[in-house]
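The values are calculated or read from the model by the stated rules, or taken from the named source; none is laboratory data. This structure is a prediction, so every number in the text was calculated from the model and none was measured. Positions of Cβ are generated from backbone atoms using ideal geometry, with glycine treated the same way; all protein chains shown enter the neighbour counts. SASA here: full protein model, heavy atoms, side chains in, ligands and nucleic acids out. Shrake-Rupley method; radii C 1.70, N 1.55, O 1.52, S 1.80 Å.
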Amino acid sequence: MRRLAFLLALSSSTALAATDPTTGATQLERAWQEKTRALFKEVIEIPSVVNRQEVPKVAEAIAAKLRSAGFPANDVRIIPYEGLPGDKTAALYFRWRAERPAKKPMLIIGHLDVVEAKPEDWQHDPFQLREEGRYFYGRGAWDMKSGIVATVMAVSKLRQEGFRPDRDIILFFNGDEETMQNGALLGTTRWRNLLDAEFGLNPDGGHGYYDRNGRLLGFGLGAAEKVYQTYFFTTRNPGGHSGRPRADNAIYELADALKKVQAFSFEPQLNPTTRAYFAERQREESGALGDAMRRWLANEKDREAADLIEASPTEIGLTRTRCVATMLKAGHADNALPQSATATVNCRMMPGTNPPDVQAALQSLVGSNVEVAPDPSFTGRPTPVLPIRKDVAKAYTEAVRKIHGSQARITPKMDTGTSDSSFFRAIGVPVYDVDGVWGITPDDEREHGLDERVPVKALYDDVVHWEMMIRNLAGKR
Ligand SMILES: [Zn+2]
């Protein structure tokens, strides 16, 4: 029995080793692996969470790294600013000047802050880098200290190798993407002259995924994102004593309104990014989901096909504008009739949608007894769907295929969340999400969640990826 168990264990681990992408060798030289790991450890262990006032320390660590790589101190700047009121944060600004620029600058954006993580909820301290089972664990391992470290290591390595860019390369990492996005706002307004670029790249998106059998599902090229807007639904009532319930009731009326939101769905719509995405996706889907994708691509008005796609856990949010109730607040005492009830409804609109149109649709859905008002603290910006730049798509494809082989597929992607890219897209600087980090879906989708991690090999691959991207887009190879 003992021997049999041993053999079984051996055969299953051999099978795993044959297909597990975390086991392969990276193309990054050992000395650079060590330097990358050291910087990753340093920045993961600074808890750059909102209101802890630690983001400037991450900016300082990155600045020190760039100076020690030999870049002039004048070209590395830390710009302090305020995110949420009282949150003293900072942006890192670095410009690698071309000796004789032949083209307009290229911008690489990112963020130095991370989402809060509670040590008692994690298996290990989220602010200690831990290497275990071919993974690095720590808050920000995926979102997005990996991308920050990979781009910084890539420019450092390129400089050491004597690479001369033929255009300025600007790094701009802000310090409050996870909360206020004030850094992105300032970057596109007050600091815009510092960041003027022909196009930009964002390591906060893109990414590749393998399935559990070690099959590469492909890499996404982010070229669009949904528009974020929250609405407050409020009902009001004179209230009174709960011993004498009136016929009308603020809570019941709000509940009725929310049931209408639940039952309602917006018209499905395709845009150039999602059309390209589904055209690629349908090739690997043979069942009912694949049939629905093919039917919908043939006829955008085919709501039944779009509904079937939308119901798939991997495709939620991609076929239309979605609005969902996320919070409730109502009443003031357990023995009083509610005088008001308010629900928070968060909408993610298709790019190009005008938020007031969605507000009008929601208002007519729930009727005039319910007040529908946008959250005044954050106004969604309609953002364009970018045409895919040929040079960016080519550089991304070549970098991905150098690491993952010539069969690796690149698919345009619309993000259902939000990122800083939208700020730049809105002012006419096309920013593409093109990071080279990869994971095993859905096991590694832990950004903002518990025990966030990144495969060790994926971090090192990402340095090689960004080195390729920069060589391709900012120089003669
Ligand atoms: Zn992020």
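Model label sites at Tyr252 and Glu445, defined 7 Å from Cα along the beta-carbon direction, differ in position by 4.0 nm.
For the stretch 170-296, which whole percent of the accessible surface, found with a 1.4 angstrom probe, sits on carbon and sulfur atoms? On the stretch 170-296, the fraction of accessible area on carbon and sulfur atoms equals 50 percent.
Summing -39500 (n - 2.57) over the DSSP H runs of n ≥ 4 in the chain and dividing by its residue number, what mean residue ellipticity at 222 nm do you reach, to the nearest 500 deg cm²/dmol?
Numbers: 13 runs with 163 residues, N = 477.
It comes out at -10500 deg cm²/dmol, rounded to the nearest 500.
Based on the Cβ-Cβ distance of Arg67 and Ala325, what FRET efficiency does E = 1/(1 + (r/R0)^6) give at R0 = 60 Å, to the nearest 0.05? For R0 = 60 Å, the calculated efficiency reads 0.75. Derived scalar couplings between HN and Hα for the stretch 35-42 equal 5, 5, 4, 5, 5, 4, 4, 4 Hz in order, rounded to whole Hz, by the Karplus curve 6.51 cos²θ - 1.76 cosθ + 1.60 (θ = phi - 60°), x for Gly and Pro. Helix 272-281 and the long axis of the chain differ in direction by around 70°, with both axes built from C-alpha atoms.
Ellipsoid semi-axes for the stretch 388-461, based on the Cα gyration tensor and the rule √(5λ), read 23, 20, 10 Å when sorted largest first.
Remark on Phe199: its backbone amide H falls under 5 Å from those of Leu107, a criterion applied only to residues 5 or more positions apart or on other chains, H modelled at 1.01 Å from N. Just so you know, the Rg over Rh for the stretch 72-206 is 1.01, from Cα atoms, with Rh as the Kirkwood radius. Counting only aspartates and glutamates at least 8 places from Lys104 when in the same chain, those with an alpha carbon closer than 16 Å to its own are Asp166, Asp168, Asp196, Glu198, Asp391. Measuring how big the stretch 229-302 is from its alpha-carbon positions, Rg and Dmax come out at 21.7, 63 Å. Most simply put, the stretch 108-227 has about 55% antiparallel DSSP beta bridges, counting only bridges with both residues inside it. Computed from backbone phi with θ = phi - 60° and the Karplus coefficients 6.51, -1.76 and 1.60, the 3J(HN,Hα) list for the stretch 446-462 is 10, 4, 6, x, 7, 6, 4, 8, 9, x, 4, 5, 5, 5, 5, 4, 5 Hz; x is used for glycine and proline. Solvent exposure of the stretch 327-477 amounts to 41 Å² per residue of accessible area, where only protein heavy atoms count and the probe is 1.4 Å. Using the average count of surrounding beta-carbon atoms within 10 Å as a protection proxy, the listed peptides 53-60, 457-464 rank, highest first, as 457-464, 53-60.
For the chain, the share of DSSP beta bridges that are antiparallel, to the nearest 5, is 65%. Computed about its Cα centre, the charge dipole of the chain is approximately 1320 debye, with only Lys, Arg, Asp and Glu carrying charge at their Cβ. Close amide H pairs (under 5 Å, H built 1.01 Å from N) link Glu177 with Leu112, Asp113, residues at least 5 positions away or on another chain.
Solvent-accessible area per residue in the stretch 212-263 equals 52 Å², computed with a 1.4 angstrom probe and all protein chains kept. Computed over the alpha-carbon pairs of the stretch 292-358, the distance histogram in 5 Å steps reads 4, 14, 16, 16, 15, 10, 7, 8, 6, 3, 2, 0 percent, short to long. Quick check: from the Cα gyration tensor, does the stretch 157-210 come out rounded (a/c under 1.5), prolate or oblate? Oblate is the answer for the stretch 157-210, as a/c is 1.5 or above yet b/c matches or exceeds a/b.
In percent, rounded to a whole number, the relative contact order of the chain is 24, using alpha-carbon pairs under 8 Å and six or more apart.
Counting Lys and Arg as +1 and Asp and Glu as -1, what is the net charge of the other residues whose Cβ lies under 10 Å from the Cβ of Glu267?
Around Glu267, the surrounding residues sum to +2.
Measuring against 29 Å, Cα to Cα, the residue pairs Lys35/Lys103; Lys394/Lys457; Lys57/Lys103; Lys301/Lys413; Lys88/Lys390 contain Lys35/Lys103; Lys57/Lys103; Lys88/Lys390 as the ones spanning a longer distance.
Residue by residue, the stretch 385-398 carries 3J(HN,Hα) couplings of 8, 6, x, 7, 5, 4, 5, 5, 4, 5, 4, 5, 4, 5 Hz when phi is fed to the Karplus relation 6.51 cos²θ - 1.76 cosθ + 1.60 (θ = phi - 60°); x denotes Gly or Pro. Does anything in the stretch 46-69 have its amide N under 19 Å from the 7 Å Cα→Cβ label point of Glu116, and if so which residues? Only 46-56 fall inside the zone, counting backbone N under 19 Å. Can you give me the pair-distance distribution of the chain, C-alpha pairs, 10 Å bins, whole percents? Bins of 10 Å from zero give 4, 18, 27, 25, 16, 8, 3, 1, 0 percent of pairs.
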